[in-house]
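Please read the structure below before turning to the comments.
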Amino acid sequence: MLKFLAKGLLRDRSRSLFPIMIIATGVIFTVLMYSWMMGFSTMFIRENARFETGHVKIVTRAYNELIDQKPYDLGLMNVTEKIDMLTNEYPQMHWQPRIYFGGLLDLPDENGETLSQGEVIGFGVDLFSDSFELELLNLNEALSNGNLPFKQGEILISQEIADKLGININDKVTIIGSTMYGSMAMNNFTVCGMVRFGVQAMDRGAVIVDISDVRWFLDMEDSASEILGFLPEYKEKPTLEIADVFNAKYNDENDEFSDIMLPLRKQSNMEFMLDTMDDRLGMFIFVFIFIMSLVLWNSGLMNGIRRYGEIGVRLAIGESKGHIYRSLILESILIGIAATIIGTAIGLVFSYLLQYKGFDMGSLMKDAEIIMGSTMRAQVTPVSYYIGFIPGVIASVIGAIFSGIEIYKRNTAQLFKELET
Amino acid sequence: MRKIFIIISLLIAITLFAEFPDGNELIRKVDDNMYSKNAVSTSRMIVHGRRGSRTMEIKSWAEGENRSFSEYLSPPRDAGTKMLKLEDKLWIYNPSSDRTIQISGHMLRQSMMGSDLSYEDMMEENELIKIYNAEVTEEEIINERDCWIVLLTAKVEDAAYQTKKVWIDKERYLPLREERFGKSGKLLKTTEIKEVFRIGKRWYPKNMVFKDVLKKGKGTEFIIDSIEFDVEIPESRFSKAALRK
């Protein structure tokens, strides 16, 4: 039966060509859109985890209340002891202390007077113990000028702020901020390199210093703003479970400086963003199925008119209406599968192209506050290979189901009269 | 009967009204009491933060309203930090970086050394009469002292606070309590004098508590350990060169 129908479709291309083209086009868009959204979602999670959220993050309850302001004066203390404890309890995870601070970067002239000055966002990260932060922040690739810090007292500044303030490699700059206890803090650093992350929120004014320098500068001995935790690979469920267990044990509602663990999903509006992305994908697939079904219903009706005679003959020679209806649906399944295979193949080609080449959206994101790379890439996942089958086959079948109903409206008493004409 | 009632009411009203002194005259007397030609003082600033208290010891030299110099003597981390105010400019010298930075723009609104005071508070014109119009609105007893409650409204555009409500000691002309409001009418800071002392003819605050109501914490205590008025201060004290000495 299948072989018979397949031969029919191949030999009479007018039955299959138009529906295949329509469905394949839709499948191309579905595969491309899915891969694009997967790429966006993965990049969004990865970039935020690297720069901001970790897979989980530990802060004090007081810090968490004002977390958008990054109040390092309410940060964690006894960090070495805490990291030892975390490493024991969660050996599969990597823990990284960070200090975020705001300040003014001041470039002096030869007399020590201010030559230029600009606001900066400081990152105190562990640059010397191991290469974890270097890889996490992708510093080797982000380096646009000079070298990475290799000794204390050296600072990396964003290329944008260097250009704006006229700072060169080896210039001495002063960072002005306030200590953990609120006193004014000033410290001189030597500019060893400049970085460009491709993340607008960072490129506008980030400076990166080793955490030991920042601890001394901000009077934060063995303290940190946050401790970020990273799994070998991000998976949402384990992060939620780890956070629940940790908080049940260490989060004390009566102590504003007790520790609280925040999983990635619960930070920085991430939950809303991730849910919105899932909703958008679901909505896109639904809209695609709906529109394709309408188009294919219409196409089926037109096909029914074209095959009016053929169906009449089949009815006249005794084939039941149900059998014809089922064969049309089976045909639609074959068309759907064929079109989906073609559409998926083309969609994957475009998706892989976008995965490797990327698409620079920097000009669209120059004022964006979210942490996001300016080069967007698609990501082909195993799902990309079969996501097209859902709308492709369903739309084709729904189209056939509706258009095929017309068969039941044929009056067999009129058949021979119709065939004579 | 009705005429007698109206006359009595008028007399009472006039009597009550007459009891309130002229606000501007009152703050002029406050200025006369509080401000001298020059002064040298040693004080302690205790910042009561959310994570405990921190004490800083400061030596200050002030000449009139427009020139002042202060040096932080302790704790060790802050020792050697110096501030110079000349007219409407403020410089800070930090010994560890050996840099002098002028504080301007939005930095003026930041906390001074972690206290409840901002640099802008420090820069504010000392003489009330030059910035505010005053109106006595009520009287009240606070800390067992009779006070006038005076509403100060800024008459200059660049005032740090649009309005202030001040409780002025009727005899000593000291602002025992102060509430400072922003342009929106929101209460921003409070000041309270906890202890006073007499030096010559003046009454002067010994212990004051400043509170930034937008900040959590128990405020900043300012204790004057010693003060000398009308002493000779060398001109070189109020120079940028003095910051690095």
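Stick to Cα atoms and the Kirkwood definition of Rh, then tell me Rg/Rh for segment A:134-227.
In segment A:134-227, Rg relative to Rh is 0.96.
Summing -39500 (n - 2.57) over the DSSP H runs of n ≥ 4 in chain B and dividing by its residue number, what mean residue ellipticity at 222 nm do you reach, to the nearest 500 deg cm²/dmol?
Calculated mean residue ellipticity at 222 nm is -5000 deg cm²/dmol.
Give a residue-ordered list of calculated ³J(HN,Hα) values for segment A:217-232 (Karplus: 6.51 cos²θ - 1.76 cosθ + 1.60, θ = phi - 60°; whole Hz; x for Gly, Pro).
Per-residue couplings from phi come out as 4, 9, 6, 10, 3, 6, 10, 7, 5, 8, 10, 9, x, 10, 7, x Hz.
Would you mind computing Rg(Cα) / (2.2 N^0.38 Å) for segment B:189-245, counting N as its residues?
Against the compact-globule rule of thumb, the ratio is 1.56.
At a 1.4 Å probe, which residues in segment B:27-75 are at least 30 Å² less accessible with all protein chains present than in their chain isolated?
At a threshold of 30 Å² (probe 1.4 Å), the residues of segment B:27-75 that become less exposed are B:R50, B:R51, B:R54.
Which residues belonging to segment A:175-216 lose at least 50 Å² of 1.4 Å-probe accessible area when the assembly is complete, relative to their chain isolated?
Going by heavy-atom accessible area, the residues of segment A:175-216 that drop by at least 50 Å² are A:Y181, A:S183, A:M184, A:M186.
Counting only C-alpha contacts under 8 Å and six or more residues apart, can you give the relative contact order of chain A as a whole percent?
Here the relative contact order equals 28 percent.
Starting from the Cα of B:R109, move 7 Å in the Cα-to-Cβ direction to define the label point; list residues of segment B:177-192 whose amide nitrogen is under 14 Å from there.
Under cut-off, by backbone N: B:182-186, B:188-189.
Spin-label point model (7 Å from Cα, Cβ direction): what's the A:T190 to A:N147 distance in nm?
The modelled label-to-label distance comes out at 0.9 nm.
Only counting protein heavy atoms at a 1.4 Å probe, give the residues of segment A:248-289, ordered by number, whose accessible area falls by 10 Å² or more when the other protein chains are present relative to the chain alone.
Checking the loss per residue gives A:E256, A:F257.
Roughly what would the spin-label model give for A:D68 and A:E310, points 7 Å off Cα along C-beta, in nm?
Distance between the two pseudo-spin positions: 6.3 nm.
Accessible area of chain A with a 1.4 Å probe: how many percent of it is carbon plus sulfur?
Within chain A, the accessible surface is 59 percent carbon and sulfur.
In whole angstrom, how far apart do the alpha carbon centroids of segment A:122-191 and segment B:95-115 sit?
One Cα centre to the other: 21 Å.
Go through A:197-207, A:387-397, A:113-123 and give me the packing order, highest mean Cβ count within 10 Å leading.
The packing order, highest mean first, is A:387-397, A:197-207, A:113-123.
Could you compute the net charge surrounding B:A39? Neighbours are other residues with a C-beta less than 11 Å from the C-beta of B:A39; K and R count +1, D and E count -1.
So the environment of B:A39 carries a net charge of -1.
Given Cα positions, please report Rg to Rh for segment B:21-243, the hydrodynamic radius being the Kirkwood one.
0.95
Could you state the accessible area per residue of the protein assembly as shown in Å², with a 1.4 Å probe and every protein chain left in place?
For the protein assembly as shown, the per-residue accessible area is 49 Å².
Quick one: with all protein chains in place, what share of the accessible area of segment B:21-243 is carbon or sulfur, to the nearest percent (1.4 Å probe)?
47 percent
Give the Kirkwood hydrodynamic radius (Å, one decimal) of chain A, defined as one over the mean of 1/r across all pairs of different Cα atoms.
25.7 Å
Tell me the mean residue ellipticity at 222 nm calculated for chain A from its helices only (DSSP H runs of n ≥ 4, each -39500 (n - 2.57), averaged over every residue, nearest 500).
-16000 deg cm²/dmol
Treating only the Cβ of Lys, Arg, Asp and Glu as charged (+1, +1, -1, -1), what charge dipole size does segment B:21-243 show about its Cα centre? Round to the nearest 20 debye.
Dipole magnitude for segment B:21-243 comes out near 960 debye.
For segment A:215-315, what is the Kirkwood estimate of the hydrodynamic radius, computed as the reciprocal of the mean inverse distance between distinct Cα atoms, to one decimal in Å?
19.5 Å
Please state, to two decimals, what the Cα-based radius of gyration of segment B:130-245 comes to when divided by 2.2 N^0.38 Å (N = residues).
Here the answer is 1.26, to two decimals.
When Rg is the radius of gyration of the Cα atoms in segment A:56-230 and Rh is its Kirkwood radius, what does Rg/Rh come to?
Rounded to two decimals, Rg over Rh is 0.97.
Among the listed pairs B:K37/B:K59; B:K29/B:K215; B:K37/B:K189; B:K130/B:K170, which have their C-alpha atoms separated by more than 25 angstrom in this model?
Over 25 Å Cα-Cα: B:K29/B:K215; B:K37/B:K189.
With solvent modelled as a 1.4 Å probe, how much accessible area in total do chains A and B shield from it at their shared surface, in Å² to the nearest 100?
Buried area (both sides, nearest 100 Å²): 2200 Å².
The values are calculated or read from the model by the stated rules, or taken from the named source; none is laboratory data. Note that the structure is a prediction, hence the values are computed from the model and not measured. Every residue, glycine as well, gets a Cβ built from its backbone with ideal geometry; the counts of neighbours run over all protein chains shown. When the accessible area is computed, the model is the full protein with side chains, heavy atoms only, and any ligands, DNA or RNA have been set aside. Shrake-Rupley method; radii C 1.70, N 1.55, O 1.52, S 1.80 Å.
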